[in-house]
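Comments concern the structure below.
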Amino acid sequence: MRIVGVAILLLSAFDGVWAHSDGDSPVATYREPHRPRFHFTPPSMWMNDPNGMVYYEGEYHLFYQYYPDDTVWGPMHWGHAVSRDLVTWQHLPIALYPDKLGYIFSGSAVVDWRDTSGFGKDGEPPLVAIFTYHDPVRASAGTNDHEYQAIAWSNDRGRTWTKYDGNPVLPNVKRAKDFRDPNVFWHEPTSRWIMTLSVSDHVEFRASKDLKKWRYLSSFGADRGAHGGTWECPDLFPLAVSGTGETKWVLLLNLNPGGPQGGSGTQYFVGDFDGRSFRLDPSFAATLKIQPAVWLDWGMDDYAGVTWSDIPSEDGRRIFIGWMSNWDYAQAVPTQPWRSAMTLPRTLALHATGSGYRVYSTPVRELEKLETESVPIPAMKLEGSVDLSRRIAFPVSTSRVALEFRIEHGKPGRVGVVLSNERGERYRIGFDGEANAFYSDRRQAGDHSFAEHFADRVHKAPRESDDDVVRLDLYFDVASVELFADSGATVLTDTFFPTMPFDRIAIEGEGGAVTLLGGKVTRLRSIW
């Protein structure tokens, strides 16, 4: 006997209106078609990678790759927003603009508590951003030294930034074609800063006492993990192993292409870091002999994700956020006047499993503040499809709701949730007991004319847990779904674009009768 527990968060589809500025460019109302209601989006124009996430004086800073003049990729800036709760966000002016040294590519930010850089003021530590300059002129000329690392600092809680006169602090002397995305942290045992840097098909570790002068330490990864595309946006950090006194180091590594469903993806490695080099844990190395990579997210639409630095020790969480799109189609999705959203912020935890160390991801607890009134769902026998829409007292198409329920699944078969509308568009997601895998099917979920392979197959994610209880938490937000299964052991993020709101919710069982053990529906508030 297997028990399948399912929690679903459903946000309304769209209201179908937008406002316009005095000129030709539309401005955000946060009611545009496909605009998420509880995920971060820019007010308008293009966004991709999250950058420079740092916590300081009660604020979570989210910088991001931003092009303010179009809804496709262009000369990169650092957009900026802050939050005090990881749920609601305040948009701030652009933090970093391109200049004569190039575009402002991805990177990280830290609080320089010891003022090692000398950028502090009036006894207060500076915020220091570490980023990649990309020289488009040299890149178009075919050079291999057009990317290099630079720094900037802020003395006013990240509101304004000053670029260092001595930039670049790390020139590209090796003439590596891809030499970018510095991720920096303070390593207490060696009393120095450590940089993890993507270099084409591997990462390099470098050290500095002052964030200005960097020296090479070691490399990792040329012969490890997935190599279907360029390695990008690394992140190295320690994580305590749940339920033990042990700590291991986790290295996140994004690559494009080569992801688990095609296009972009995020893999990770677990091992040890001694301040100089990263070495894989033997059990994790054994896993990579069986499979090419271990994925943080099995969907198409979680990429370039990294974690916040300087979260207080009394909080203790390692919090992650990713770009909710895929380079296979990111510039073509049918959204206006903005493109792209971020995933939900997620708490990462490390578990020792029968297959080795695995990173689990779960939505941050702060999302609970969006919950309002609830309606119970009674227990019932489920054979075939049961429409849940009639049991919900408030309109599904115009309300943000959370559905939580449990299912007793008597034998291998498929148990899933179906969203649909009167045009016959359907999105399906669930668990296949016979395959022991989760599935996401957007083949009939609306518009996919913008990309040839957007909806050409069902996405599948193997189950990591061997518990008899299979649990799914599903977060739907207008045009996206995030699945957190088995307490975050398996995660899958997908986007889809219905041409009208999904206003019907059903649960379906195939391959035998299923007992729905009950649950509840909870209305959620919009963050905008």
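The values are calculated or read from the model by the stated rules, or taken from the named source; none is laboratory data. Small disclaimer: the values here were computed from a predicted structure and weren't measured. Neighbour counts run over all protein chains shown; Cβ positions are idealised from the backbone, glycine included.
Computed quantities for the displayed model
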item: Residue in the range 151-159 that is free of Cβ contacts under 8 Å to residues at least 24 places away in the same chain, surrounded by fewer than 18 Cβ atoms within 10 Å (Cβ to Cβ) and over 22 Å from Glu232 (Cβ atoms) present; result: yes
item: Members of the range 93-136 found to be assigned to a strand (DSSP E or B) and over 14 Å from Gly52 (Cα atoms), listed by number; result: Pro93, Asp99, Gly102, Tyr103, Lys121, Glu124, Tyr133, His134
item: Residue in the range 31-54 that is touching a Pro at 6+ places or on another chain (Cβ under 8 Å), of a type outside the set (Phe, Trp, Tyr), at positive phi and at pLDDT below 70 present; result: no
item: Members of the range 490-523 found to be over 16 Å from Met380 (Cα atoms), in contact with a strand residue (DSSP E or B) (Cβ under 7 Å, 6 or more places away or on another chain) and surrounded by fewer than 22 Cβ atoms within 10 Å (Cβ to Cβ), listed by number; result: Arg504, Gly511, Thr522, Arg523
item: Qualifying positions in the range 424-463 - surrounded by 19 or more Cβ atoms within 10 Å (Cβ to Cβ), more than 21 Å from Phe502 (Cβ to Cβ) and at pLDDT below 95; result: Asp432, Gly433
item: Some residue of the range 305-325 being closer than 13 Å to Val491 by Cα and touching a helix residue (DSSP H, G or I) at 6+ places or on another chain (Cβ under 6 Å); result: no
item: Whichever residue in the range 202-223 is assigned to a loop (DSSP other than H, G, I, E, B) and closer than 22 Å to Val250 by Cβ and, among such residues, is nearest to the chain's Cα centre (by Cα); result: Gly221
item: Selection within the range 126-147 - surrounded by fewer than 24 Cβ atoms within 10 Å (Cβ to Cβ) and polar (S, T, N, Q); result: Ser140, Thr143, Asn144
item: Of residues in the range 275-317 being among the basic types (Lys, Arg) and in contact with a strand residue (DSSP E or B) (Cβ under 7 Å, 6 or more places away or on another chain), the one farthest from Gly263 (Cα to Cα); result: Arg276
item: Filter pass, Leu96 being at pLDDT 95 or above and over 25 Å from Tyr329 (Cβ atoms); result: yes
item: Scan of the range 344-375 for residues that are of a type in the set (A, V, I, L, M, F, W, C), more than 26 Å from Ser325 (Cα to Cα) and at pLDDT below 95, ordered by number; result: Val375
item: Identity of the residue in the range 440-468, in a loop (DSSP other than H, G, I, E, B) and of a type in the set (Lys, Arg), that ends up farthest from Pro334 (Cα to Cα); result: Arg463
item: Condition check for Val401: of a type in the set (A, V, I, L, M, F, W, C) and at pLDDT below 75; result: yes
item: Single match in Ile377, Ile290 (criterion: touching a Gly at 6+ places or on another chain (Cβ under 7 Å) and not charged (D, E, K, R)); result: Ile377
item: Candidate set: the range 33-62, residues that are acidic (Asp, Glu) and surrounded by fewer than 22 Cβ atoms within 10 Å (Cβ to Cβ); chosen: the one farthest from Ala402 (Cα to Cα); result: Glu57
item: Subset of the range 194-237 that is polar (S, T, N, Q) and surrounded by fewer than 23 Cβ atoms within 10 Å (Cβ to Cβ) - its residue that is farthest from Phe179 (Cα to Cα); result: Ser208
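This table checks each residue for (1) within 16 Å of Lys212 (Cα to Cα); (2) small (Gly, Ala, Ser).
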position: Ala129; (1), (2): yes, yes
position: Asp135; (1), (2): no, no
position: Thr143; (1), (2): no, no
position: Asn155; (1), (2): no, no
position: Gly158; (1), (2): no, yes
position: Trp161; (1), (2): no, no
